[in-house]
Amino acid sequence: MEATGQLPKKQEASGRSRRIKLQEIEKELIALKKKQGVSNSNLASLQIDVNRANFSDWQKLPKCSENMAELMIKLQQGGVQLSCEEELFQLLELPNHLKEQWSPHLIFRWYGDPVPKADTPIVDINNATSTELKNGLKFNEKDIQTLLKERQRRPFKNLADFQERLLLPASIIENLIGKVRFGLKKSGPVLPSGWK
């Protein structure tokens, strides 16, 4: 009846909502497999393209939590790419035994021009002073003030949360990988240095 015009045509879901629905179905299938005791594919032959892996790919890695897989998908959707194991391990804060288990299965392909990285001290986004943030992140004063207001609302959880809340482009996030961390918010006021 749609073809004859007697019924209105159904709106097709947008590409983004379709991807979200597929990810939800993927999560449900993985949970069902785990519940039924179905093992993941042969780990020995597993190869994961870190910058293109989907949720189920991440879940095949030993001890990869849903939160880890979701973080990687969010970063992908934000356009962020990783170039080496160290970036991934630091981002997910993996213990050494998992690094050893994951390492043989990871492939890092770059889809675009790599961003050069400089050696800089790691900035704790949730605890750094405005001066430390400005020097470490190279953000302008307006962006630092926005960051501080958002951080005051609630601490940032990870890079994906940081990107979403500050509406940062992927190129900036890629430059921050390995240069920032998201420690627990310190309690109490911060006293000036030299205060006794």
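The values are calculated or read from the model by the stated rules, or taken from the named source; none is laboratory data. Values in this document were obtained by computation on a predicted structure and should not be read as measured data. Cβ: placed from backbone, ideal geometry, glycine included. Neighbour counts: every protein chain shown.
Annotations
Residues are listed down the side, and each one gets a yes or a no for (1) loosely packed, with under 10 Cβ neighbours inside 10 Å; (2) in the same structural domain as residue 157 (by TED's automatic domain parsing); (3) modelled with pLDDT of 70 or more; (4) not small (Gly, Ala, Ser):
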{"site": "2", "(1), (2), (3), (4)": "yes, no, no, yes"}
{"site": "5", "(1), (2), (3), (4)": "yes, no, no, no"}
{"site": "19", "(1), (2), (3), (4)": "no, no, yes, yes"}
{"site": "32", "(1), (2), (3), (4)": "no, no, no, yes"}
{"site": "37", "(1), (2), (3), (4)": "yes, no, no, no"}
{"site": "43", "(1), (2), (3), (4)": "no, no, no, yes"}
{"site": "47", "(1), (2), (3), (4)": "no, no, yes, yes"}
{"site": "63", "(1), (2), (3), (4)": "no, no, yes, yes"}
{"site": "70", "(1), (2), (3), (4)": "no, no, yes, yes"}
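- Members of the range 123-164 found to be hydrophobic (A, V, I, L, M, F, W, C) and not in a helix (DSSP H, G or I), listed by number: 123, 125, 128, 139, 156
Rundown of residues vs (1) among the basic types (Lys, Arg); (2) surrounded by 16 or more Cβ atoms within 10 Å (Cβ to Cβ), yes/no style:
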site	(1), (2)
78	no, yes
86	no, no
96	no, no
109	yes, no
124	no, yes
135	no, no
167	no, no
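- Reported count of residues in the range 165-184, each being part of a helix (DSSP H, G or I) and either closer than 12 Å to residue 79 by Cα or modelled with pLDDT under 90 (or both), is 7.
- Helices (runs of 4 or more DSSP H) within the range 55-100 that include 1 or more residues in contact (Cβ under 8 Å) with a residue 40 or more places away in the chain: 66-77, 85-92
- Test: residue in the range 128-147 that is closer than 22 Å to residue 64 by Cα and of a type in the set (Lys, Arg): no
- Residue match in the range 107-118 (condition: charged (D, E, K, R) and at pLDDT 90 or above): no
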